[in-house]
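A.B. asks: So that we are looking at the same thing, I have put the structure below in structure tokens.
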Amino acid sequence: LKEEFGIETRVMNLHTLKPLNPKPLVKAALETGIIITAEEHQVGGLAGWVSQALHNAPELYHKPLPFGSIGVRDRFGESGQPWELMWEFEVSGEHIAQKAKELYDLAKRTKPKTRKTTKKKAALKTTRKKTTKKKVTRKKKIQKGK
């Protein structure tokens, strides 16, 4: 991802689900803006725990967070070489990278407005208010005959 698209990534190894410490997950979510879980079995366990931990984190309330999961999608297992099976069940590194790129593009499209934009709008509103007050004052003077 970094070589092809210039996208920095982070990998976290959650070797156990219980107890799950949400603090590193929340920190990663705030710093990266995207979360992807990758499981080499049926999707659900890890993705469910991580999404629940992030959902319950007050730091993430009202913040868009694209979330994706990679894993076997409701299929029966097969026999074969590990690399063939990872490709067949779409859990290879290439599939993870593809999902990351999709979510990265989504995050760019849905990125919230920056604080600078908000400050510019606030300054514009203040200018409009001043202009409106001047017009009102001029109208009052004209009406009074001054």
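A.B. asks: Please pick out the residue among P19, P58 that is more than 17 Å from the chain's Cα centre (by Cα) and in the same structural domain as W87 (by TED's automatic domain parsing).
C.D. replies: Within the list P19, P58, the selection yields P19.
A.B. asks: Conditions first: (1) surrounded by 16 or more Cβ atoms within 10 Å (Cβ to Cβ); (2) touching a residue at least 40 places away in the same chain (Cβ under 8 Å). L54 passes all but one, so which condition is the exception?
C.D. replies: (2)
A.B. asks: Can I ask one more? For segment 2-19, what are the residues that are charged (D, E, K, R) and farther than 12 Å from L46 by Cβ?
C.D. replies: Those that are charged (D, E, K, R) and farther than 12 Å from L46 by Cβ: K2, E3, E4, E8, R10.
A.B. asks: Continuing with the same structure: Starting from segment 62-85, take each residue that is among the small types (G, A, S) and list its partners that are surrounded by fewer than 16 Cβ atoms within 10 Å (Cβ to Cβ), counting only C-beta distances under 6 angstrom and pairs at least six apart or across chains.
C.D. replies: G71/E39
A.B. asks: Kindly provide the set of residues from segment 54-81 that are of a type in the set (D, E) and under 28 Å from T110 (Cα atoms), ordered by number.
C.D. replies: Hit for segment 54-81 is E59, nothing else.
The values are calculated or read from the model by the stated rules, or taken from the named source; none is laboratory data. Owing to the predicted nature of the structure, the values given are computational and were not obtained by experimental measurement. Methodologically, a virtual Cβ is constructed for each residue, glycine included, from the backbone with ideal geometry; neighbour enumeration extends over all protein chains shown.
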